[in-house]
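Report on one structure; see the data block that follows.
Each value in this text was obtained by applying a stated rule to the coordinates, not by laboratory testing. Because the structure is predicted, anything quoted here is derived from the model rather than measured. We place every Cβ from the backbone using ideal geometry, glycine too, and count neighbours over all the protein chains shown.
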Amino acid sequence: QKEVEQNSGPLSVPEGAIASLNCTYSDRGSQSFFWYRQYSGKSPELIMSIYSNGDKEDGRFTAQLNKASQYVSLLIRDSQPSDSATYLCAVNRGGNTPLVFGKGTRLSVIA
Amino acid sequence: EAGVTQFPSHSVIEKGQTVTLRCDPISGHDNLYWYRRVMGKEIKFLLHFVKESKQDESGMPNNRFLAERTGGTYSTLKVQPAELEDSGVYFCASSQGARWNDEQFFGPGTRLTVL
């Protein structure tokens, strides 16, 4: 079983729609959860972090965490073509422990 | 504030040669990490420095890889001798280390191609 699983996509959504990205993880000791956005050939850029169950909103982005189900999601409202990128889900055991990544979901926002 | 920088951005070498990658973390960040992404796979952890000490090197694939962080500032990752399967993108990340939930910031990566 892979440690962090994501649907590789591509996920295509029309401009202005909500994009929903999902991630499951296997390590029940995971404490911190992150979403990184990576444009082609660029570095992963941290866009959201979440540490407790529930929702966390930041602008057009909402991260959702359900530790009982070992599930993390990212919602992007009012999707823009500039949101087209690969979204990486990453988890760790808190502190300064290494990140465990999923393969990423490629999002394409169609104008 | 400058971000994490890496050098070179690309390196093409032949099997059996040596390559050294460099990472400069964000100033003041005690934690420095090396990760690698091989084609078609997820980004995987290689090792973690706290200042100049190796905290965790459980992800290093074999003894052909040597990482150093002299003085607790920049770090180098040397591959000697390089093999075909070492090809991939090598990322460096840093975090401050002062809080329990510190976030890791990534550099642009070095794309290594071994022919």
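Values as computed for the structure displayed
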read-out: A:Asn22-B:Lys54 FRET efficiency (beta carbon distance; Förster radius 35 Å; 0.05 resolution); value: 0.50
read-out: log10 of Debye I(q)/I(0), alpha-carbon scatterers only, for the protein assembly as shown at 0.08, 0.16, 0.17, 0.18 Å⁻¹; value: -0.29, -1.12, -1.23, -1.33
read-out: Cβ-derived FRET efficiency at R0 30 Å, B:Glu14 paired with A:Tyr71, nearest 0.05; value: 0.10
read-out: Filter on A:Lys103/B:Lys15; A:Lys67/B:Lys44; B:Lys44/B:Lys78; A:Lys42/A:Lys67; A:Lys42/B:Lys41 - keep pairs with C-alpha separation over 25 Å; value: A:Lys103/B:Lys15; A:Lys42/A:Lys67
read-out: Residues of the range A:87-106 with amide N under 18 Å of a point placed 7 Å along Cα→Cβ from B:Glu103; value: A:87-102
read-out: Descending principal axes extents, the range B:34-75, alpha-carbon based, whole Å; value: 35, 18, 14
read-out: Share of Cα-Cα pairs in chain B lying beyond 21 Å, as whole percent; value: 31
read-out: In the range B:37-112, trypsin sites (Lys or Arg not before Pro) in a DSSP loop with at most 14 other beta-carbon atoms within 10 Å; value: B:Lys41, B:Lys51, B:Arg64, B:Arg99
read-out: Square roots of five times the Cα gyration tensor eigenvalues for chain A, Å; value: 23, 14, 12
